[in-house]
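Trainee: Supplied in structure tokens, the structure appears directly below.
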Amino acid sequence: MDVKFAFSLAFLAIFLGVFGADAGIHNCNGSTFAGIELPDHLSFNAVSSSTGCRVSEPTRQAVLNEEEDERRDVPHKQTLKLHLKHNPLSKEKEPKKSVAEFTKKDLTRIQTLHTRIVEKKNQNTISRLNKEKEQSKKQIKSVVPPAAAPESYAGDLSGQLMATLGSGVTLGSGEYFMDVFVGTPPKHFSLILDTGSDLNWIQCVPCYDCFEQNGPHYDPKDSSSFRNISCHDRRCQLVSSPDPPRPCKAENQTCPYYYWYGDNSNTTGDFATETFTVNLTTPSGKSEFRRVENVMFGCGHWNRGLFHGAAGLLGLGKGALSFSSQLQSLYGHSFSYCLVDRNSDTNVSSKLIFGEDKDLLSHPNLNFTSFVVGEKNLVDTFYYLHIKAIVVGGEVLNIPEETWNLSPEGAGGTIIDSGTTLSYFAEPAYEIIKEAFVKKVKGYPLLEDFPILSPCYNVSGVEKIELPEFEIHFADGAVWNFPVENYFIPLEPEGIVCLAIMGTNRSSLSIIGNYQQQNFHIWYDIKKSRLGYAPMKCADV
């Protein structure tokens, strides 16, 4: 395969960031949050498991309507389309330090995800409230009201809801940022996107212990559409409560939440609903703002972590609270994104689309692989895939099948994740993959002692190089073959290229990261439990 490398190491750092962090969260007494003593004020009180409250009749009807649509397979015409801007990396950043820093964050995130799995952190209603699977599904439908439709939205009007997203590179981050407008009147905030978490949250006034962000914190008092969720409300059961919880007594007592990302990175505050404003682009090209009401989110008063200037986080996981799950009643049970390549002009944006994209559905090279479902040890948040084999240069590698299996504790398996940059494979898969490339790459000097990534080759002065093909074969027969720029990273000006795959020696979890997803349109089809992927120049989507 002949590929001309024109990347710079600066662009590498754009995508080598992760969610999660090393910083500790502390209360006013200086202790870690795990044993935090909550203040005695009504804006933050403990949660009860009360199930006595009633779901309103409009909510019941919305659920029945959605179930009827599912039986009739009614298509959702409207589409929510969001843009991710590609921003230049600050030239003050030292390239080698950036590589070391961001790969370290990747590994920290992997260990965090592994810990969340084995310790059953942040489990949603399915896992926490019911022992019987079918009973839990019914309870979720009765508990979770869908977000209200966009204001004055005509049912027969097809269009796209568009917002601007940007990279966090200028903030020292590799995450993708989505520009959202929250409250009434709407105010602008930048939130990090994460397919590895569910809860949407924003740093809120009063901010007792918060990280630095660009712009002011969200203040509920400035919004007429902000509504606290009571601890007596059944929706309060959807969030993890602080430890230890307090009795739910007063009628006006709010619902507290606690969400854990890493050993010392988390958010806690009040669970509430708010109006999110988006830009509706009609088929004629006319742009109109529309409001999406009753979006459940966390109003965070204690937040710690390396969130790099963002105002909070927008979850895209499978759980009931994620932004994608709450918008299903509006845009159907699917969303997709297409990440531009590292050579793209900085004015070109990546895309995040809620609903079905007609161009993607008609793509001749659209492939599907099934999500792993039904196994009791699966974490509700993550999108699991079942790898069967890895192929390098046409050779099926001799990797034991059990490498890809889930353990009785729920560890292991493979997930696709927007928040991890490179791809990481559990041992012994990584060592076998690395050895295969060392064996098959000919004609370029191998750099034995190059730090961090391996193998690395000196290709100085070579405009076109040949490297072995790399493919992932799934258990259902699907094959995902990648262009070489998705699994080898060029480091300029040194003239070095390195394999963009690493191992996880402290975790059996494998992850397909966002670097391997560039210039593929990735479709999460939740209704049919499958992942779609099509090679595409994402700048043209």
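The values are calculated or read from the model by the stated rules, or taken from the named source; none is laboratory data. In this text, all values refer to a predicted model and were calculated from it rather than measured experimentally. For neighbour counting, all protein chains shown are included, and Cβ atoms are generated from backbone atoms with ideal geometry for every residue, glycine included. Surface accessibility is based on the protein's heavy atoms, side chains included, excluding ligands, DNA and RNA. Shrake-Rupley method; radii C 1.70, N 1.55, O 1.52, S 1.80 Å.
Trainee: Can you compute 3J(HN,Hα) from phi for each residue in the range 521-531, using the Karplus curve 6.51 cos²θ - 1.76 cosθ + 1.60 with θ = phi - 60°, rounded to whole Hz and x for Gly and Pro?
Mentor: 8, 9, 10, 9, 9, 5, 4, 9, 6, 8, 10
Trainee: Extending each Cα 7 Å along its Cβ direction at GLU395 and ASP179, get the distance between those two points in nm, one decimal.
Mentor: If labels sit at GLU395 and ASP179, their model points lie 5.0 nm apart.
Trainee: Further question on the same structure: 5 Å is the cut-off here: which amide hydrogens, built 1.01 Å from N in the peptide plane, fall below it relative to LYS187, excluding neighbours closer than 5 in sequence?
Mentor: Amide H neighbours of LYS187: VAL182.
Trainee: With a sphere of radius 13 Å drawn around the Cβ of CYS204, what net charge do the other residues whose Cβ falls strictly inside it have (Lys, Arg +1; Asp, Glu -1)? Walk me through the numbers before you get to the answer.
Mentor: Working: positive: LYS187, LYS221; negative: ASP209, ASP219, ASP222, ASP270, GLU274.
Counting the neighbours of CYS204, the net charge comes to -3.
Trainee: Structure shown: which of LYS351/LYS464; LYS358/LYS527; LYS439/LYS537; LYS318/LYS376 lie over 23 Å apart, alpha-carbon to alpha-carbon?
Mentor: Values: LYS351/LYS464 30 Å; LYS358/LYS527 17 Å; LYS439/LYS537 31 Å; LYS318/LYS376 15 Å.
From LYS351/LYS464; LYS358/LYS527; LYS439/LYS537; LYS318/LYS376, over 23 Å: LYS351/LYS464; LYS439/LYS537.
Trainee: What are the ³J(HN,Hα) couplings of the range 451-456, residue after residue, when phi is run through the Karplus curve with 6.51, -1.76, 1.60 and θ = phi - 60°? Round to Hz, x for glycine and proline.
Mentor: x, 6, 9, 7, x, 10
Trainee: To the nearest 0.05, how large is the calculated FRET efficiency for ASN405 and SER362 if R₀ is 30 Å and r is the Cβ-Cβ distance?
Mentor: On the way: r = 36 Å, r/R0 = 1.20.
With a Förster radius of 30 Å, E is 0.25.
Trainee: Separate question: To the nearest 10 Å², what's ASP449's accessible area with a 1.4 Å probe?
Mentor: Near enough 150 Å² of accessible area.
Trainee: Turning to a different aspect of this structure: Any idea how far apart LYS537 and LEU446 come out in nm if each label point goes 7 Å out from Cα toward Cβ?
Mentor: 3.7 nm
Trainee: For PHE335, what residues show an amide H to amide H distance below 5 Å, using hydrogens built from the backbone and excluding near sequence neighbours?
Mentor: Residues meeting the criterion, in which the H sits 1.01 Å from N, are GLY355, TYR524, ILE526.
Trainee: Over the range 405-510, consider all pairs of different Cα atoms and compute the Kirkwood hydrodynamic radius from their mean reciprocal separation; express it in Å, one decimal.
Mentor: Details: mean 1/r = 0.0659 Å⁻¹.
Computed over the range 405-510, the radius equals 15.2 Å.
Trainee: How much net charge surrounds GLY298 when only other residues with a Cβ under 13 Å from its Cβ are counted (Lys, Arg +1; Asp, Glu -1)? Spell out each step's value before the answer.
Mentor: On the way: positive: ARG235; negative: ASP198, ASP270, GLU274.
Summing Lys/Arg as +1 and Asp/Glu as -1 gives -2.
Trainee: First select every other residue whose beta carbon is under 11 angstrom from the beta carbon of ASP540; then total the charges, Lys and Arg +1, Asp and Glu -1. Show your work: numbers first, answer last.
Mentor: Values: positive: LYS351, LYS537; negative: ASP359.
So the environment of ASP540 carries a net charge of +1.
Trainee: Right, something else. Using 7 Å Cα-to-Cβ label points, what is the VAL205/GLU466 separation (nm, one decimal)?
Mentor: 6.5 nm
Trainee: Please turn the phi angles of the range 396-409 into ³J(HN,Hα) values with the Karplus equation 6.51 cos²θ - 1.76 cosθ + 1.60 (θ = phi - 60°), one per residue in order, whole Hz, x for glycine and proline.
Mentor: For the range 396-409, the Karplus curve yields 6, 6, 7, 9, x, 4, 5, 4, 9, 7, 7, 7, x, 7 Hz.
Trainee: If you stretched the chain out fully between ASP476 and GLU375, how much longer would it get, using 0.36 nm times the residue separation minus the C-alpha to C-alpha distance? It would help to have the intermediate numbers written out before the result.
Mentor: Numbers: separation 101, 0.36 × 101 = 36.36 nm, distance 1.61 nm.
Between ASP476 and GLU375, full extension yields an extra 34.7 nm.
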